[in-house]
Structure formats: C-alpha cells, structure tokens
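For reference, the structure discussed in these notes is given below.
The values are calculated or read from the model by the stated rules, or taken from the named source; none is laboratory data. This structure is a prediction, so every number in the text was calculated from the model and none was measured. Every residue, glycine among them, receives a Cβ derived from its backbone with ideal geometry; neighbour counts consider all protein chains shown.
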Amino acid sequence: MYKKVHLRLTALCAGITTAIMIIMSLSYLFVSETALYENHYSSFKNDMNTITTNLEQQPIISMEWISKMESQNNYTFFLLDNGIPFLYNQLNDSNESDKNEIFNECMDAYNQLFDIQRTELTPYSSYHVEFEFASSSKKEDFFGSVIEIEKGSSLLQIFVFTSLYELKQQIHEQRILFALINIIAIFFLTAFSWLFTGKLLKPILENQQKQIAFVASASHELRTPLAVILSSVECCAESSPDRQERFLRTIKQEGLRMSSLITDMLTLSESDRQQFSVKKKTVELDTLVINSYESFEPLAKEKSVTLSIELPEDTLPACSCDPDRIRQVISILLHNAISYTPENGRINISLKYKKGDFLIAVTDNGIGISDEDKTKIFDRFYRSEKSRNTKGHFGLGLSIAYEIVNAHKGAITVGDAEGGGTVFTIVLHG
C-alpha cells in the first residue's frame, strides 16, 4: 500500500512539474525561433535595401563588387538585363544547373507575389521585394529578393537568394539542446519527487506503524488482567466463602489495573487528537515539588529507599503551568525511580532556576537505562527487558510525561547519574 501511494505521488509530482517545464520550454522555443526568423529576415531585407541603394549609385555594375557581396553574405546573385542573363551568371557558377533550378523557383515565387502586390506599388525607377520560397530540387527553404532598376529603356533585374539551412540548423540544434535539457531535468525531477514524497510519507508510515504497535501492545496488556479476572470468576464460583474473598480481591486489583491502563490510554488519545487539557496557572514550583516529595516519602520508606529533596535558597519567581499536570509528571518519575531502585538506594528530587528556565530533576542510583533504551524510553508501551515483568508498569507513564511537558512547550530528558543510576530532567520555560 505504502509503495503504491509512494509511486503514485511521485508520478503526480514529477508529472505536474514536467508538464509545466515542457510548456515553458515550448513557449520559449516558439518565441526564440520566431525572433531568430524575424531577425534573419529583417537583416536580409536591410542588406537588400543597401544593395539596391549601391546599385542605383553605380553607373556600371562591377562584377567584382557582386562577387564580394556573394562571398561575404553567402548570397547568390542572378542578373538579367532586359530578360537576358548576364555572362557573370555562367562565369562564377560551378553548379550552374542547381543555380538555374533555384533561380527558376525563385522567379516563380516572385511572379506569384508580384501579381498580388503589383497594384500596390507606386511608379518607381527602382524597387526591391523580399519573400520566402521553398526549393523542391534542393529541398530547402530560401529567402529571395528581386531588385528591379530602370535606367532609360534598360531594365536590370537582380535575383538574390540565400539558403535558410544554417538558420534551420541553428533552430534544430536549439531544439535538440532543449530536449536533452528536459530529459535530464525530468530524470532529476523524478528522483527528487521520489525522495521528496518519501520524506513526506515517512511520518505517516511511522505513525501507522506506531498505531499498529500501540494496538498490539494495548491488546496484550489488557489480555493479561482480563484472563486473571475470568479465571478468578470461574474459581470463585466453585470455591468456599473464604477462598471467594481472596478471588474477589484479585478481581478488584486486576480491575483497578485495567482501569489505570485505560485511563492512561485515554490520556494519550487526547494528546493525539490535540485535545490535551492544559490549564495554566501561576504556580510556586518549590511548593509543588515539596508536596510531591511528601506524598512519596512513605512509599520510599516502605521500599527501604532514601528520598531526599534539594531546593534553591533564593526565592524563585512564579511559573506559569498546569500544577496538576506537572505534579502528574513528577509522580510518574518518582514512582518509576522507587520501583527500579534497589533497597537502601537513594533518590533525590531537585529544583533549580537557570537563565529563565525551571529545572526539575529526579535522580536515582538504581539499575540505570542503557543507551539503546534511552532513545526509546518515551515510546508508548516501551519497557526495557529488566522491568518488563514489573506489575503496575505498562510502559505508558513516560509517554504521558513526555506529552504533558511537550504541551507546556518544555522538554524532558534522560541521562546517566553520577556513580550510576538515572536522572530525568524536566525543563519548563519561565
């Protein structure tokens, strides 16, 4: 499913960007090719205007000058004097048959154009007209121009044409270049789209995997107390009144255990739905920490663990937080510390104020947490192997603590305590 969605999103992303790129490339090519053609044609017309002006001013047409114009501009001249070809046409043409064919095609195109435009011309002694024509013999396109100069009873006609092969070649090379650029760009766009959509889908995939793991873990945790309750009910029905009381006590304990688990799950569910209730108030954190210490001191004594408290001597500023939620976080940390600290162990809860931040630390000299476990300790239902079978711990407490602190825009971290053990630190911004 994930791969299919990944492929479809990649195709969609790459397809849209590719389509936009191709449309822009085609638009640019159209504008560029049109500009190239118009510039080439405009240059040709200007040259013909210059040639016509020069011919008007020359009493005698210099063959050397015509030859020079041909070589410099890659033009071909064909001259007629009262319809009779100049000797220059034969003397300077190594491919006379090809030139004659192109000349005839140029003259045909001119005659067709002349029939249309003749009535639009005013009386003149000279004029020139430019046009484009295609040569079927050479299979090329040409720009052609006909220059007519009247001198007395003499009519000089000069047919000038030039191949558009170089222009077409330039346009063709430009198209190939753009095609190659587009192919390379499409390749990189597809690769980028694959990586981009993969990153986009990664949180969704991780969330889906977490949900699957959450449901599996929740099912496992609920199955155990439920099995105990059902077996106790069966035994209770067949037992004496004295034994029934023991089974009923077991049922109550496991029921309370299930209730605690469901409450924790509902708390995390509220966090997932962005409905986590945080009611901030102005709180004296030192008082809150002292209250938490006093609440857990009897439990610590019962487990033969020394619980101490460390508070700053200076008066602390008030902190804006939800006192019930922060007390819940401290309770989770103290309960875990007492559970995993051996007899005669030590636990310390401290409060500090540094650079506008409140730091609440719970330090123990218990079994400690491995580096691998530190990266997963706040995951839901995660418990290290050492504490997996501990009753009353479902692996949700630290997840709830993390969500509460995160809702306060704070941070909670875990590290190694000096001399062994673990230190959990809550950071609340003042």
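Residues in the range 295-307 that are among the hydroxyl-bearing types (S, T, Y) and more than 22 Å from D324 (Cα to Cα): S304, T306. The number of residues in the range 68-86 that are touching a helix residue (DSSP H, G or I) at 6+ places or on another chain (Cβ under 8 Å) and part of a helix (DSSP H, G or I) comes to 2. One residue stands out in the range 128-178 among those that are under 58 Å from the mean Cα position of the chain (by Cα), among the aliphatic types (A, V, I, L, M) and buried (at least 18 other Cβ atoms within 10 Å of the Cβ): the one that is farthest from Q58 (Cα to Cα), namely L167.
As a summary of the residue check, I338 satisfies the conditions (1) touching a residue at least 60 places away in the same chain (Cβ under 8 Å); (2) in a helix (DSSP H, G or I); (3) not charged (D, E, K, R) except for the one numbered (1).
Residues of the range 301-334 that are closer than 17 Å to A361 by Cα and in a helix (DSSP H, G or I): P323, R325, I326, R327, Q328, V329, I330, S331, I332, L333, L334.
This table checks each residue for (1) touching a strand residue (DSSP E or B) at 6+ places or on another chain (Cβ under 9 Å); (2) modelled with pLDDT of 80 or more.
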position: S67; (1), (2): yes, yes
position: L87; (1), (2): no, no
position: N95; (1), (2): no, no
position: N100; (1), (2): yes, no
position: R118; (1), (2): no, no
position: L121; (1), (2): yes, no
position: L156; (1), (2): yes, yes
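Using the structure shown, decide if G356 is surrounded by fewer than 17 Cβ atoms within 10 Å (Cβ to Cβ), in contact (Cβ under 8 Å) with a residue 24 or more places away in the chain, within 19 Å of V414 (Cβ to Cβ) and among the small types (G, A, S). Don't jump to the end; show me each part of the working.
Values: surrounded by fewer than 17 Cβ atoms within 10 Å (Cβ to Cβ): yes; in contact (Cβ under 8 Å) with a residue 24 or more places away in the chain: yes; within 19 Å of V414 (Cβ to Cβ): no; among the small types (G, A, S): yes.
Judged against the criteria, G356 is not a match.
How about the range 295-339: which of its residues are in contact with a strand residue (DSSP E or B) (Cβ under 9 Å, 6 or more places away or on another chain) and charged (D, E, K, R)? Residues satisfying the conditions are E297, K301, E310, D314, D322. Do we have L268 as among the hydrophobic types (A, V, I, L, M, F, W, C), part of a helix (DSSP H, G or I) and modelled with pLDDT of 75 or more here? For L268, the condition - among the hydrophobic types (A, V, I, L, M, F, W, C), part of a helix (DSSP H, G or I) and modelled with pLDDT of 75 or more - is not met.
Inside the range 39-63, residues that are of a type in the set (G, A, S) and not in a helix (DSSP H, G or I) make up a count of 1. Applying the criterion of being out of contact with any Phe, Trp or Tyr (no Cβ under 8 Å at 6 or more places or on another chain) and either hydrophobic (A, V, I, L, M, F, W, C) or surrounded by 20 or more Cβ atoms within 10 Å (Cβ to Cβ) (or both) to the residues of the range 317-335, the residue that is farthest from S292 (Cα to Cα) is A318. Among the residues of the range 407-426, those that are farther than 11 Å from I326 by Cα and not small (G, A, S) comprise K409, I412, T413, V414, D416, E418, T422, V423, F424, T425.
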